[in-house]
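Okay, so here's the structure we're looking at.
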Amino acid sequence: MSRITDLMISRTVLSDLNDVSTRLSQTQERLSSGKQITRPSDDPYGTSRALTLRTDISGTQQYQRNIGEADGWTNVTDSALSNISDALQRARELAIQGATDSAGQSARNAAAAEIDQLVDTIKQDANATYGGRYVFAGTATSTSPYQVGGPDAYGGDSGTVAREIGPGVSVQVNTLGSTILGSGQGAADGRLLNVLRDIAQHLRGGTVADGDSLRTTDLQGLDTNLDALSQARATVGATTNRLDAANTRLQQVEESQTKLLSDVEDADMAKTMVDYSMQQSVYQAALHAGANIVQQSLLDWLR
């Protein structure tokens, strides 16, 4: 039969007190930090799950930033296209006025001069930038697409600018200036700048053939380019709507991911408060019981 000594009792009491104190300290730490997991050893599986969720949230937030970038790009593009459309409408009015037989040559010359100014205005709008990058220049975003007051040659490229808005999902956000205004390489491409230059030339010509061109091919060319401009704006608008829908979806995904992370990491404060109060009472009771059990007399010390 084994003998239980006072030393064994003391060690047992101290070990129990240490266990209760450790649990109380851990609960107090959860209470003060508001976190269920304060170190990986608290919950290895929960820690792994939390790391995965944080990675997912970071990816979702990056997609949202990409959408914000794309949305800013399309807004600048749409604003520039709107200004170009207004200028083109004014050019159409001037062409109609100059095509009438009652218009004198001086009026036609004035209209031609205004169209030249409209061409520079359109080029300036086509040189719109977002974040220091030219939005109509393809991927050559550091080069202005058109030279205001100079030749009509397109200075960009035919590259596509896209933004990733989801896993494996990219959206083109740029509109090529060459598809709207033209390349300006000397050949008659029927694009906007080419048509406007022809109108200005025909207004200054003043011949019957010039008048016929103004009433037929020139107006037809303007209407064709207005239709192309409207189609380009419709495409930009559709892209903007898609970006808005994707952003709404990503906000919902982030909210769901954040809630899952909170369920894993955050402590249940009501339960933690109850646990802390209970463990504190247990600790105080353990201290009191230990003081009564471990009472060494003078003879115990003399042994």
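The values are calculated or read from the model by the stated rules, or taken from the named source; none is laboratory data. As the structure is a prediction and not an experimental result, all values here were calculated from the model. Quick reminder, even Gly has a Cβ in these numbers, built from the backbone with ideal geometry, and neighbours come from all protein chains shown. To get the accessible areas, we keep the full protein, side chains included, count just its heavy atoms, and leave off ligands, DNA and RNA. Shrake-Rupley method; radii C 1.70, N 1.55, O 1.52, S 1.80 Å.
Measuring r between the beta carbons of GLN147 and SER79 and using R0 = 25 Å, the FRET efficiency lands at 0.70. Placing ASP43, ASP227 in order of accessible area, with the largest value first and a 1.4 Å probe, yields ASP227, ASP43. Computed from the Cβ-Cβ distance with R0 of 30 Å, the FRET efficiency linking LYS35 to ARG242 stands at 0.20. Accessible surface area normalised per residue over region 66-163 is 42 Å², counting heavy atoms of protein chains with a 1.4 Å rolling probe. Would you mind telling me the share, in percent, of accessible area of region 61-213 contributed by carbon and sulfur at probe 1.4 angstrom? For region 61-213, the apolar C and S fraction of the accessible surface comes to 45 percent. If the chain between ALA107 and GLN284 were fully stretched, how many nm would it gain, using 0.36 nm times the residue separation less the Cα-Cα distance? Residue separation times 0.36 nm, minus the Cα-Cα distance, leaves 53.5 nm.
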